[in-house]
Each structure stands twice: as C-alpha cells, then as structure tokens.
Amino acid sequence: MKKISTLLLSALLLLFVSLEAQTTKKGWEYCSHRKSLLSSAALDQILSPNTFKHKFDVLNYSMNVDVFNCFSGSYPKNFSGDVTMTFRIDTALNSIKLNAVNTSLTIDSVSLSGSSFTHFNDTLVINLDRIYNPDEVASVKIYYKHKNVSDNAFYTGGGFVFTDCEPQGARKWWPCYDQPSDKATFEIRARVPLTAKMASNGRLQDSTVVGSAITYHWISRDPVATYLVIITAKTNYNLDIVYWTNPNQPLIDPTPMRFYYNSGETPQAMEQVIGPMTTYYSEKFGDHPFEKNGFATLNNQFAWGGMENQTLTSLCPGCWQESLLAHEFAHQWFGDMVTCGSWADIFLNEGFATFAEAIWLEKDGGFTAYKNEIDYDASSYLGGNPGWPIVNPSWAFTPPNVNQLFNFAITYAKGACVLHQLRYVMGDSLFFLGLRNYATDTTNIRYKNAVIVDFQTHMEQTYGQSLEWYFNEWLMTPDHPVYQNSYNITNMGSSNWRVRFFAKQTQTSTGFFTMPIEIRVKFVNGTDTTIRVMNDVNNQLFQFMFTMQPTNVYFDSRVMIVLKNSSTTVGIQDPEYMPQEFVLGQNIPNPASGITTISYDLAKKSDVNISLFDVTGKLIQVICEETKMPGSYDTSLNTSSLNAGMYYYTLTAGDFRATKKMMISK
C-alpha cells in the first residue's frame, strides 16, 4: 500500500474541513475515515502477526513512562519507560515472544534473574531463567526507550502527547503481546508537566506532584486489549465531569463521565446526552461495563473522527457530534467490553457500533428514524461495494491493510445492515433478547473476547433454530441478491382468485441467498394482506388463493431486506420455472364444493399419476395420468358428483409419492 504524502494528507485535511462545513457525517463515517485514511500511512511498516500458537496468557501490564520532555521545545517523541508484564503459562516454555517495533523502540534491559533477550525484526524474544510449566505465573520487567520518530502511534505537538493504536500500534510505544485476543488488566504512571492533564484507561488512582511535574496513576481493573490502551495528555486541557446513575441501582456510586476538550469547544450538549444514552444502551446491551468513561478531543494529527479506547474515546478536534458519540460509545460494549477475538471478527466491533447509531435514533424517533438510518447504510454499501465478504478467515493471522479492514461499505455499512436483517429474520423480541444474552454472558463473553461463531451461537439459542445459513450467506460470502421476481393473478371462478409469485435471483458473483420474503397483495376494495414465506431455493413458485379480487402484488414493500437489488413484473413465464424438487400442493379451495385445483411441481420429466381415494383406500377416480416435463402444473377436479366427506389424493411421479387430505362439502 502506498503511503500518504505530507502534501496529500494536508489536502485531505482541508477537504475534510470543507466538507464538514457543508454536510453532517454519520458516526461510522468519522470512524471509518480516520482509520482507513490517516492510519494507512503507517500500516505497511507493521509485520503480520506471529502465526505460532500463543503459549502464555498476559494477566497484567504495569507501566511507567516519563513524557515530561515531550512537551518541551519542538515536542520530541523520545521518552523512557518500563513495563512489568505478569503472565500465566499455558504450555510449558522457557522463552516468550513479544511485539516491539524496532524502528520505534530500543530495549535497554529485562529484569529477570538469569534471563536474556534479543530484539530483531520487530520481535522481542525473552529467554526466561528456566522452564515454566502450565498454570505457573511469572513476571518480567522490560526497560525501554521510544525513539524520536513519527510512527503514527505516539504523537506529540500543539500542547499534546497522545497515542492511537488500532489495529497494531501498541507495539510501537511499548513492548507487549499485541493481539486483541489477549486482554489484560492495566495500570500506568505517567510523568507530565504540572500544567498538563493526563488521562488513560480505568480510574484515576492518584496523582503526585514533585516540583514542576505531576505523575498520574491510572488503573484499569477490567481487562483491556492492547490496541485500546491510551495516553492522552495536554497542557491547559479543559475538563468537565458529569455523573450517570444506574436507574436499576440508584444506591451505587454514580459513574463519572469525563469530557476533555480544547479551548473554544462546546461539549455541553453531549454532556447532557451521555446520561440518557448510557441508560438506553444499558437497557439494550446490559449495564454500562466500566467504572468510568470519557471522551477527549485531540488536535489535527488525529483528524478523522473517533477511536473507542477503553473508557476514554479519542475524538477529532471540535467533533462533539451526537452520531459520533453514539457510535464510539456503543463500542464500550462491543469492541471494549467484548473484544473481537481476531481482526477477522471486526464485524463484532464496527458492524455493531454502526447498528447502535440507528438504535439510538429509534429511541426518540421511532422505527421510522431507525429505518432511515439503516437505509442510508444500505445505500452506502450498494454504492461502494468493493466485492469482498465481511469475514475473511485469513485476516485472523494476516490482517489486511486498513483500507480493507476498515472499509466503510463493508465493515461498517453492510455490517450494520446484516444486523438489521437478522432482526427482521428473528423478530424484534428474540433479536434483542439474543443480543443482550450475548453481551451479558459473564461466563464466556462479557469482559472477554468473542468470535463470530460465539455471537451466532447465542442468537441461535435464543431463536431456537439454526442460523448457520444466515451467517454463511451474509458474512462469509460477498455481494447480495438481485431479485427479478414476477407474478400473475388468475380468476379461478366462483369468487376465487389465485396469485402466483415467482421468486428468482439472478446474481452471478455470489451464491443464492436464503431469506424469508414478504409478499403484499392489494385488493380491489383497497385493503391488503402481507404473507411471509421462506424463499429457500432459487426459481421458487408460491401460490395463494383469495376470495376477493387482487389488483397488485408487491415484493418486500417495507424494504426489510435492504441489501439487495430487485424488480417485480407482471406475468410469469412458466418455462423458466424449474423446480428443485417434487412438491404436491394442497387443493384450492379446500373444503371443495365444485371445481377444486391441485397444484404440483416436477423436478424432472416424469410419468405422472394423480388419483383420488376415499377414507377406506378405495380408488374413486384417476384425476390425471400423463407424461410431463419439469415444471409447475395445475389440474382440476369437479367434485359436484361426490358425496361430502374426507378424501385423499396421491401424486405418483417416478419414485416420488405424496398424499394429501381433501374435504368435500355440499
């Protein structure tokens, strides 16, 4: 991937400012643009993650950094630090491998008696003092320096020192096991000038003033992924703190929400929004997960939106927009509390946060406001679809460039629409129950990692049936269905009308999409009815009987399947309908009192026999006996001469045989 030059980056920043004055961006647009444009300049410096099996589990990082001098003069980027990593052994080992980018970090020493280390090719190998066995716990302390280099992870300038790490930037400013699958508790002591405020993950434990310096001590009691670890510090930072009280636990201490902002900015409207938003998300996704939360606007070095660092979201300067807040704050549940197990599972972060933007609008604006947002997402996907699936399993080992990983059409817009369509498939009550069950699973999910199959399992358990077909077609395969449907309306006599609807998909770039579809039939008196059927094979014919004259037939009139292109025309061309199986339909009307129609499908050329029997099994009449080509057929039976009662009719076509009941009334 080509790097963005300084001149080009400046032009992009100016373009962003110009566009921002004219339009209001969605939260996911801010998020996607920041990650896919600004960060792309550095990704090609990062090696693919190690592919060996992880043999240890990091329990805690305890870090000390002295960034006092980074605020001086020309804002140099060099600083000294140390980190103590405590870890549990999963497989017997005598060495560990950590990520530490050579161009950014110098490793000075490792404090563990009898140990040694090598630092090569962005990997820090620490040879331990002995062989450690499973379940043993060990610690190493690493002394290191950050070089005076720009690496798009550690930033200084304009009164600021801050970090920004997704997806693999943590390894540039501290040695760590830099994979989202290994979350650990975290604490940091950072020395800054007395004029600066410094914020990080978790709670502020204490601060100590010595001369012209102040050391802030932050502790995250909850496990955090390395890419979500944050330093944000600025001289003369403004800070407002508001408090949220959990309405279900009013006696528990309220949660502080910290708002760090630049001079001239006005976050007060968002300070009023955060309380209702926290309550609403807690109702939908489970209680707010952390002991504090917060937001901090940065400078133009961070120009593209937001980054959901755990309990301290970074925002671009002046970006106190409600949609951005809704997106990034939802990440505290989906991305931070529950973190994607690998970068192949990024849908669990960005798709969910983008969907939450629409859910937030639904709170006050109702389903119409929600649906308008989803339709916008669908339009963004359909207009920008690059043609790859949401999930690529190889990303778990080798993440793609950020323009692909954080592609707005796929990762954000399509991801949100996939959740919307799952809501349509399952129904509101089961969908939101399953989503909450997933997020509140304290045994396997909450404060841990998840992969997509974990989410699928929770939704299936709630739904009561398999959803593998849905996850396979919408997440694992690219593109979307293209429907070219048709229908006809037939007067069957005796005030009976038949509607036949032919569901056909014509896309060639991907496979068939099984989906429940809604068919709305409008009648001559102005009323209508909507019928929901499962479209589970291509070229599928549905047949409905009514006692009132239909005038029009509409496919997906509520546009609940938003990821599609479609057209519906009058007039079914029967030769193009090629059934995939043999089917015997129910006679219409039933009970019958005159002419009744029996429909059937043939998957291949067959010798057909349709016969009528009474309840004793006596043959009453051969209704049809002839050779037929594959297709869909109707045959009629005049029941006027038959006695009232129950009968059976049987279709025999080659090896296929099926029987149905028929009621005759007088």
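The values are calculated or read from the model by the stated rules, or taken from the named source; none is laboratory data. The structure presented is a predicted model; accordingly, all values stated were derived computationally and were not measured. Every residue, glycine as well, gets a Cβ built from its backbone with ideal geometry; the counts of neighbours run over all protein chains shown.
When MET545 is tested against (1) over 39 Å from the mean Cα position of the chain (by Cα); (2) part of a loop (DSSP other than H, G, I, E, B); (3) of a type outside the set (Lys, Arg), exactly one condition is not met: (2). Within the stretch 132-151, identify whether any single residue is at pLDDT below 95 and surrounded by 14 or more Cβ atoms within 10 Å (Cβ to Cβ), and answer yes or no. No, the conditions are met nowhere in the stretch 132-151. Selection of the stretch 521-576 for residues being surrounded by 14 or more Cβ atoms within 10 Å (Cβ to Cβ), farther than 22 Å from HIS480 by Cα and of a type in the set (D, E, K, R) yields LYS522, ASP528. Within the option set ILE214, ILE252, ILE230, ILE188, being modelled with pLDDT of 95 or more and surrounded by fewer than 24 Cβ atoms within 10 Å (Cβ to Cβ) holds for one residue only, ILE214.
Assess whether VAL101 counts as being within 37 Å of the chain's Cα centre (by Cα), within 21 Å of PRO180 (Cα to Cα) and assigned to a loop (DSSP other than H, G, I, E, B). Yes.
Restricting the first member to the stretch 524-544 and to residues that are over 23 Å from PHE582 (Cα atoms), and the second to residues that are of a type outside the set (Val, Ile, Thr) and part of a strand (DSSP E or B), the beta-carbon pairs closer than 6 Å and six or more apart or on different chains are ASP528/ARG520; ASP528/LYS522; THR530/GLU518; THR530/ARG520. Could you please let me know if THR551 is β-branched (Val, Ile, Thr) and either touching a residue at least 12 places away in the same chain (Cβ under 8 Å) or at positive phi (or both)? Yes; evaluated as a whole, the condition is true for this residue. Whenever a residue of the stretch 257-281 is not assigned by TED's automatic domain parsing to the domain that holds ASN299, it has no partner that is crowded, with 20+ Cβ neighbours inside 10 Å and of a type in the set (A, V, I, L, M) lying with C-beta atoms less than 6 angstrom away and at least six residues away or across chains.
In the stretch 433-448, the residues that are acidic (Asp, Glu) reach residues that are crowded, with 17+ Cβ neighbours inside 10 Å with C-beta atoms within less than 7 angstrom, at least six apart or across chains, in these pairs: ASP441/HIS458.
Give me the residue from the stretch 603-619 that is of a type outside the set (Lys, Arg) and either touching a Gly at 6+ places or on another chain (Cβ under 6 Å) or surrounded by fewer than 14 Cβ atoms within 10 Å (Cβ to Cβ) (or both) and, out of that set, farthest from ASN538 (Cα to Cα). If you could, list the steps in order and put the result at the bottom.
Taking the stretch 603-619 and keeping what is of a type outside the set (Lys, Arg), we get 603, 606-617, 619.
In the following step, the residues that additionally are either touching a Gly at 6+ places or on another chain (Cβ under 6 Å) or surrounded by fewer than 14 Cβ atoms within 10 Å (Cβ to Cβ) (or both) were identified as 606-607, 615-617, 619.
Numbers: SER606: 21, ASP607: 25, VAL615: 37, THR616: 39, GLY617: 37, LEU619: 36 Å.
Going through the qualifying residues, I end up with THR616.
For the stretch 112-168, how many residues are in contact with a strand residue (DSSP E or B) (Cβ under 7 Å, 6 or more places away or on another chain) and within 23 Å of ASN262 (Cα to Cα)?
First, the residues of the stretch 112-168 that are in contact with a strand residue (DSSP E or B) (Cβ under 7 Å, 6 or more places away or on another chain): 112-119, 122-128, 130-147, 153-155, 159-164, 166.
With the extra rule that they be within 23 Å of ASN262 (Cα to Cα), the set shrinks to 153-155, 159-164.
Selection size over the stretch 112-168: 9.
Scan the stretch 623-637 for residues that are in contact with a Leu (Cβ under 8 Å, 6 or more places away or on another chain) and loosely packed, with under 14 Cβ neighbours inside 10 Å and the total you get is 1. Do we find a residue being part of a helix (DSSP H, G or I), touching a helix residue (DSSP H, G or I) at 6+ places or on another chain (Cβ under 6 Å), surrounded by fewer than 18 Cβ atoms within 10 Å (Cβ to Cβ) and assigned by TED's automatic domain parsing to the domain that holds GLU322 anywhere in the stretch 284-293? No, the stretch 284-293 contains no residue that is part of a helix (DSSP H, G or I), touching a helix residue (DSSP H, G or I) at 6+ places or on another chain (Cβ under 6 Å), surrounded by fewer than 18 Cβ atoms within 10 Å (Cβ to Cβ) and assigned by TED's automatic domain parsing to the domain that holds GLU322. Just one of (1) hydroxyl-bearing (Ser, Thr, Tyr); (2) modelled with pLDDT of 95 or more; (3) within 30 Å of SER380 (Cβ to Cβ); (4) part of a strand (DSSP E or B) fails for THR569. It is (2). Looking only at residues of the stretch 381-440 that are of a type in the set (D, E, K, R) and surrounded by fewer than 19 Cβ atoms within 10 Å (Cβ to Cβ), we find that the one that is nearest to ILE517 (Cα to Cα) is ASP428.
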